[in-house]
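Here's the structure we're looking at; comments come further down.
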Protein chains: 2
Amino acid sequence: MPVLGNGVDISTMLGNVNALLSAVKFDSKGLVPVIAQDRATGVVRMLAWANAEALRATVQSGLATFWSRSRNELWEKGKTSGNSMPVHELRLDCDGDAILYIVDANGPSCHTNATSCFFRSVTANGLAVDDGPAPAAAKV
Amino acid sequence: MPVLGNGVDISTMLGNVNALLSAVKFDSKGLVPVIAQDRATGVVRMLAWANAEALRATVQSGLATFWSRSRNELWEKGKTSGNSMPVHELRLDCDGDAILYIVDANGPSCHTNATSCFFRSVTANGLAVDDGPAPAAAKV
């Protein structure tokens, strides 16, 4: 059963987002860090920030929505690029100050066109650049 | 080849941590959010914070180290609980303001004893509690 988006009555989900919002500890700027992870591969695609409005929009639309700190506006991922992130699960951590969106990511997630924003790693030869972490499924 | 820890000359890695640190954009408190993800399962275990000292200690020891905002001290994960996180990869995102530790996690990662700190999810019935996200390997 999809947790968000199709198949769940929207009024039910909106009630639940109120339960979620009351459990979130936003920082002094009203923001909380959000990890977006691809469901199929386990790859962490990006870390961005959400305010209450962004979390509400995510639950309402089923699409990963953030608060852009640089543009100071609501940011539905993929609205301009097409690389949207339908949200399969929305999770909250133990102390309520971090969020995990588990998403079915469309296309690459980084503005550089890399699959993951985490495309730089510390190696014996310094910082190396690739396309992001290897899928978890390939590692087990 | 392990990127961090055994097998890599520590003086090489310390040079690389300087390269890393110069690429990190710490916030006004000198901190950067760090995602810790289990390498074998792809499960995001926790989100915590690091300062430069914590990143340096992580590279030097090969063990995930954070800055505890509540205790205001360096925090080597598992030093008291035993649930350490040897770091396999240390990754930096595109704009340098988020870090990803890919770890071989020992034991559960949450202080509640859940495998992942992200053990609460928004469902049609409100916030549900489990042990954390399902392994990515099981989802593909």
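Any residue at all in segment B:26-33 that's assigned to a strand (DSSP E or B) and open to solvent by less than 40 Å² (accessible area, probe 1.4 Å)? Explain how you work it out, then say what you get.
Start the filter on segment B:26-33 by keeping residues that are assigned to a strand (DSSP E or B), which leaves B:32-33.
Then keep just the ones that are open to solvent by less than 40 Å² (accessible area, probe 1.4 Å); that gives B:32-33.
Checked segment B:26-33: at least one residue is assigned to a strand (DSSP E or B) and open to solvent by less than 40 Å² (accessible area, probe 1.4 Å).
So in segment B:130-140, with the set limited to residues that are at the interface with chain A (Cβ under 7 Å from one of its Cβ atoms) and either over 15 Å from A:His88 (Cα atoms) or not in a loop (DSSP other than H, G, I, E, B) (or both), which one is modelled with the lowest pLDDT? Show your work before the answer.
Of the residues in segment B:130-140, the ones at the interface with chain A (Cβ under 7 Å from one of its Cβ atoms) are B:133, B:136-137, B:139-140.
In the following step, the residues that additionally are either over 15 Å from A:His88 (Cα atoms) or not in a loop (DSSP other than H, G, I, E, B) (or both) were identified as B:136-137.
Working: B:Ala136: 84, B:Ala137: 69.
Of everything passing the filter in segment B:130-140, B:Ala137 is modelled with the lowest pLDDT.
Can you pull out the residues in segment A:37-50 that are facing chain B (nearest Cβ under 7 Å) and charged (D, E, K, R)?
Within segment A:37-50, just A:Arg39 meets the criteria.
Can you tell me which residues in segment A:102-125 are β-branched (Val, Ile, Thr), in contact (Cβ under 8 Å) with a residue 12 or more places away in the chain and out of contact with any Ser or Thr (no Cβ under 8 Å at 6 or more places or on another chain)? Break it down stepwise before answering.
At the first step, the residues of segment A:102-125 found to be β-branched (Val, Ile, Thr) are A:102-103, A:112, A:115, A:122-123.
Imposing the further condition that a residue be in contact (Cβ under 8 Å) with a residue 12 or more places away in the chain reduces the set to A:102-103, A:115.
Within segment A:102-125, A:Ile102, A:Val103 qualify.
Out of curiosity, is B:Glu53 under 11 Å from the mean Cα position of the chain (by Cα), more than 9 Å from chain A (Cβ to nearest Cβ) and of a type in the set (D, E, K, R)? Working first, answer last.
Numbers: under 11 Å from the mean Cα position of the chain (by Cα): no; more than 9 Å from chain A (Cβ to nearest Cβ): yes; of a type in the set (D, E, K, R): yes.
The answer is no for B:Glu53.
So, in segment A:89-129, of the ones that are modelled with pLDDT under 95 and part of a loop (DSSP other than H, G, I, E, B), which residue ends up most open to solvent (accessible area, probe 1.4 Å)?
Result: A:Asn125.
Considering only residues that are away from chain A (no Cβ under 13 Å) and among the charged types (D, E, K, R), look in segment B:61-107 and name the one that is nearest to the chain's Cα centre (by Cα). Before the answer, list the steps.
We begin by selecting, within segment B:61-107, every residue away from chain A (no Cβ under 13 Å); these are B:61, B:63-65, B:67, B:71-86, B:106-107.
In the following step, the residues that additionally are among the charged types (D, E, K, R) were identified as B:71, B:73, B:76-77, B:79.
Values: B:Arg71: 18, B:Glu73: 16, B:Glu76: 10, B:Lys77: 9, B:Lys79: 14 Å.
That would be B:Lys77.
Taking into account only those residues within segment B:50-69 that are modelled with pLDDT of 95 or more and in a loop (DSSP other than H, G, I, E, B), which is farthest from A:Asp97 (Cα to Cα)?
Among them, the one singled out is B:Ala64.
Restricting to segment B:101-139, name every residue that is β-branched (Val, Ile, Thr) and either in contact with a Lys or Arg (Cβ under 9 Å, 6 or more places away or on another chain) or under 14 Å from B:Ala40 (Cβ atoms) (or both). Before the answer, list the steps.
Residues of segment B:101-139 β-branched (Val, Ile, Thr): B:102-103, B:112, B:115, B:122-123, B:129.
Within segment B:101-139, B:Ile102, B:Val103, B:Thr115, B:Val122, B:Val129 qualify.
Which pairs turn up if I take residues in segment B:31-49 that are over 17 Å from A:Tyr101 (Cα atoms) and look for partners that are part of a strand (DSSP E or B) and open to solvent by 10 Å² or more (accessible area, probe 1.4 Å) with beta carbon separation below 6 Å, at least 6 apart in sequence or on another chain?
From residues that are over 17 Å from A:Tyr101 (Cα atoms), the pairs are B:Leu31/B:Trp49; B:Arg39/B:His88; B:Trp49/B:Trp67.
The values are calculated or read from the model by the stated rules, or taken from the named source; none is laboratory data. Everything numeric here is computed off the predicted structure, so don't read it as measured data. Neighbour counts run over all protein chains shown; Cβ positions are idealised from the backbone, glycine included. Just the protein is used for accessible areas: all its heavy atoms, side chains included, with ligands, DNA and RNA removed. Shrake-Rupley method; radii C 1.70, N 1.55, O 1.52, S 1.80 Å.
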